Amino acid sequence: MPSRPIHQILADRPFVCVPADMPVSAVTRLMNAQERSAALIVEHGVLTGIFTERDATFRVLAAGLDPETTTVGAVMTHNPQTLTEDKPFGHALHLMYENGVRHVPVVDANKRPLGVVTARDALALDALDFGAELVRREEITVIL
């Protein structure tokens, strides 16, 4: 599974993409509505940062900032490491591990966002493998 290209993992999955001047409260509402744990921040269509649920917790709430007046650009991670969609998923996992992050933005050659690969995607692949293993074991049990 780690050799699958990232474009197969993304599979036209929607993602949150917002401007840097948007208030944190509005961004987190969008993230909640789309059931996403991160938002990509763009300027003129080009990725400039990423804002995650951990940023909302630690950089906004724990810091005592007002999410209604704090812009996402003030608390985002600037210039995050990115991948292109032709890379294998294992490369994304390696970046997550090496950098201690749970989200890696996927961009095209012009740094325009295409989606986000998350640590949850790795769990989904493990769940598929686990389900296949359970089916295989059930088949063996029936045979025996």
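The values are calculated or read from the model by the stated rules, or taken from the named source; none is laboratory data. Predicted model, so just to flag it, every value in this text is computed and none were measured. Methodologically, a virtual Cβ is constructed for each residue, glycine included, from the backbone with ideal geometry; neighbour enumeration extends over all protein chains shown. The area values use the complete protein model at the heavy-atom level, side chains included, leaving out ligands, DNA and RNA. Shrake-Rupley method; radii C 1.70, N 1.55, O 1.52, S 1.80 Å.
Can you tell me which residues in the stretch 7-20 are aliphatic (A, V, I, L, M), in a loop (DSSP other than H, G, I, E, B) and surrounded by 16 or more Cβ atoms within 10 Å (Cβ to Cβ)?
Ala20
Pull up the stretch 67-110, narrow it to residues that are part of a strand (DSSP E or B) and farther than 23 Å from Met22 by Cα, then point me to the one that is most open to solvent (accessible area, probe 1.4 Å).
Pro88
Can you tell me which residue within the stretch 53-66, out of those that are open to solvent by 20 Å² or more (accessible area, probe 1.4 Å) and not in a loop (DSSP other than H, G, I, E, B), is farthest from Thr82 (Cα to Cα)?
My answer is Leu61.
Of the conditions (1) of a type outside the set (Asp, Glu); (2) within 14 Å of the chain's Cα centre (by Cα); (3) open to solvent by less than 70 Å² (accessible area, probe 1.4 Å), Arg36 satisfies every one except a single condition; which number is it?
(3)
What is the number of the single condition among (1) at pLDDT 95 or above; (2) closer than 18 Å to Arg120 by Cβ; (3) open to solvent by 80 Å² or more (accessible area, probe 1.4 Å) that Glu43 does not meet?
For Glu43, the exception is condition (2).
Considering the stretch 21-47 alone, what residues qualify as being in a loop (DSSP other than H, G, I, E, B) and acidic (Asp, Glu)?
Matches in the stretch 21-47: Asp21, Glu35.
Would you be able to tell me the number of residues in the stretch 111-121 that are crowded, with 20+ Cβ neighbours inside 10 Å and in a loop (DSSP other than H, G, I, E, B)?
Number satisfying all stated conditions: 0.
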